[in-house]
1. I'm told TYR95 meets every condition in (1) at pLDDT 95 or above; (2) open to solvent by 10 Å² or more (accessible area, probe 1.4 Å); (3) in contact with a Gly (Cβ under 6 Å, 6 or more places away or on another chain); (4) not basic (Lys, Arg) except one. Can you identify the failing condition by its number?
2. Can you tell me which residue in the stretch 451-480 is nearest to GLY56 (Cα to Cα), limited to those that are over 20 Å from the mean Cα position of the chain (by Cα) and of a type in the set (D, E, K, R)?
3. Collect the residues in the stretch 301-337 that are under 37 Å from the mean Cα position of the chain (by Cα), small (Gly, Ala, Ser) and closer than 16 Å to TRP242 by Cβ, keeping them in residue-number order.
4. Does ASP579 satisfy being acidic (Asp, Glu) and more than 19 Å from TRP607 (Cα to Cα)?
5. Output the residues belonging to the stretch 124-136 that are in contact with a Pro (Cβ under 7 Å, 6 or more places away or on another chain) and assigned to a strand (DSSP E or B).
6. Let me spell it out: the conditions are (1) assigned to a strand (DSSP E or B); (2) aliphatic (A, V, I, L, M); (3) in contact with a Leu (Cβ under 8 Å, 6 or more places away or on another chain), and ALA92 meets all of them except one. Which number is the exception?
Amino acid sequence: MDINFAWVDAETQRRNDVCRFRRVFELAAVPPSAELHLFADSRYRLFVNGTFVTAGPARFVPSHPEYDSVELGPWLSAGENTLLAEVVSYGASTYQTSPASRAGFIAWGEAAEHDFSTPGEWQAQRSAAWDPEAPLFSFAQGPVELRDTRMVETRWQTPKAIDGPWGPLAPRATAYPTFEPAAIRATGTWRLASRERIVGYRWAEPGFDRRTDGRHYSIYAAVLESKQDCLVEAGLFWSGHWLNGQPVECTNDPLRGNRQSASLSLRRGANLLYGEVEQLQDVWGMLLGLPDTVGVSELRCAGLFDEQELQGHQPRVPARIGDLETMNVNWTRQPVAEPALPSRVRAWDLPEGEGSDVLVGPGKQVWCYDAADEFVGYVVVDVEAPSGTILDIGVDDHLRPDGLIALYASNPFANTVDRYLLAGGRQRVQGFHVRGGKHLQITLTVPGAGSARIHDCRVLSANGAFPIEGAFECSDPVISGAWRLSARTLQVSVEDSYADCPWRERGTYLGDSYVNLHLHAYLNTDLRVPRRVLRLFAQSQFADGQMPSAAPSWMTDSLEDYSLIWILFLRDYWQFSGDVDLVRELWPVVERILASSAWREGATGLWTGD
């Protein structure tokens, strides 16, 4: 049977597009060998008869994809068997994929008389359970996971054979993840305060990039209802705000990330709060936190506008509700509700007392965990809760003084919380994406009557096996401790290639990788990872001979010194490994770097870049 890439239809450039591929077959008995080979752009995870088996592929440049191989035997049984591959195509800027990527899935292999070639007898469906407008985890990792686990999709169709940017497939060149549970421990539970109501909106602008599109803004108008003249404390998201035409003075909250505080002087009846929110990523938005004594009778938004268009509004800043209709703006009315921006919302949480094993709704509670060492992997939560309960899973490297994770404390653009709407009863929720950090926080929001509890929480490691071959100890405990920390830092940063960090980016940077190579060579003799890193950058080389700073990535510019570092990387890899064949293979890449049109000779005779 012919083997082709497949997708549910010809639309292969959607944002955060999740498709599911199913192959059902009957076995009289489990055969001695049943192998499946598969690859997906951008990422996949595989279940066999309902059990999670593996995830991948290794990060890749589309012209040089690498497939995974799985021996299915341990998960098969006599009778009916089901292979289920869930595939996500990011369709957004990441430092994990290339802009040339397109949605696609390919598989082949056999069990007894059954051929697993795609499209073949596979069935496919596009899943509506994942939100395509989920905000970016960070500029480097693509959209977070916003999934409604209540959705059960039963309609399947024959997938379509597609063409794409992929070159010839090669076997995976690095070790597979171990999926071993990381060591984490529970540190406490806290009830969360319900002192204010949070409302807002989310604005999605597919493909928006502030670096190339310039400064643009969405605008909003909220009608606040008060029963009396009063002064109230409100939480706002950073932007420009005006109340009844007058500017609102804001101060940064010292504890809660990406929150500003303001005193709003409300008059009895209706008040107009207007704001201009600069769009800094393709999915952005605004939050407004108000005490329960203040009602919000209307919320509307519009966008995007450049600064000149904002100045052209008449009136420039609306002071009365009636002014909104004269602004020549296509307002969109929004539900007066909390928007799907889970990291922003969780950053505004405040604990108000110790929690318990069981949360009785309605209410919110957090369960906090620390890792013995930094972790990177797939978070798995065994949870029991009523249908419609919100499960938020956040990761971070730092804690706030009150014990919650310090969302946005070190980066105001890292939305490090995934969200799941629970189906009800007891269920196992496993994150689709690799997450890393030192601290893990689970928040349950039970909207009505009923109770919820966390039965278990674990992280399945995304690291390949990386045993430390050797040891170091000296009379100075500081130096000995530094050695152990350095070794562990490298261990947790070795996935299918080097990652710059487990938490925010997980990008393969050239400068970081060169440092990693040297530590790697002293700790472990398996040098497949640095060999693959060298190839990733060679495959990503720009037309002018320069190298990107990270590969694969959507980065379109270079740091010229990194290009020269790649040559040093190749030379030192050869010194450690003796791998002359790779040097011969990649020597044309060296020649293109040295011949790059970007080089300029400075007054000292040293090279500089454009």
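The values are calculated or read from the model by the stated rules, or taken from the named source; none is laboratory data. This is a predicted model, so every value here is computed, not measured. Every residue, glycine as well, gets a Cβ built from its backbone with ideal geometry; the counts of neighbours run over all protein chains shown. Only protein heavy atoms, including side chains, enter the accessible area calculation; ligands, DNA and RNA are left aside. Shrake-Rupley method; radii C 1.70, N 1.55, O 1.52, S 1.80 Å.
1. (1)
2. Restricting to residues being over 20 Å from the mean Cα position of the chain (by Cα) and of a type in the set (D, E, K, R), the top hit is ASP456.
3. ALA302, the sole residue that qualifies.
4. Considered against the rule, which asks whether it is acidic (Asp, Glu) and more than 19 Å from TRP607 (Cα to Cα), ASP579 comes out as yes.
5. ALA124, LEU136
6. (1)
Matching residues to (1) in a loop (DSSP other than H, G, I, E, B); (2) open to solvent by less than 10 Å² (accessible area, probe 1.4 Å); (3) of a type outside the set (S, T, N, Q); (4) touching a residue at least 60 places away in the same chain (Cβ under 8 Å):
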residue: ARG419; (1), (2), (3), (4): no, no, yes, yes
residue: ALA423; (1), (2), (3), (4): yes, no, yes, yes
residue: GLN427; (1), (2), (3), (4): no, no, no, yes
residue: ILE442; (1), (2), (3), (4): no, yes, yes, yes
residue: ARG453; (1), (2), (3), (4): no, no, yes, yes
residue: LEU460; (1), (2), (3), (4): no, no, yes, yes
residue: PRO467; (1), (2), (3), (4): yes, no, yes, no
residue: PHE472; (1), (2), (3), (4): yes, no, yes, no
residue: TRP483; (1), (2), (3), (4): no, no, yes, no
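Results for (1) under 22 Å from ASP131 (Cβ atoms); (2) touching a residue at least 40 places away in the same chain (Cβ under 8 Å); (3) among the aromatic types (Phe, Trp, Tyr); (4) part of a loop (DSSP other than H, G, I, E, B), shown as yes or no for each residue.
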site	(1), (2), (3), (4)
GLY275	no, yes, no, no
GLY289	no, yes, no, no
THR293	no, yes, no, yes
VAL296	no, yes, no, no
LEU299	yes, yes, no, no
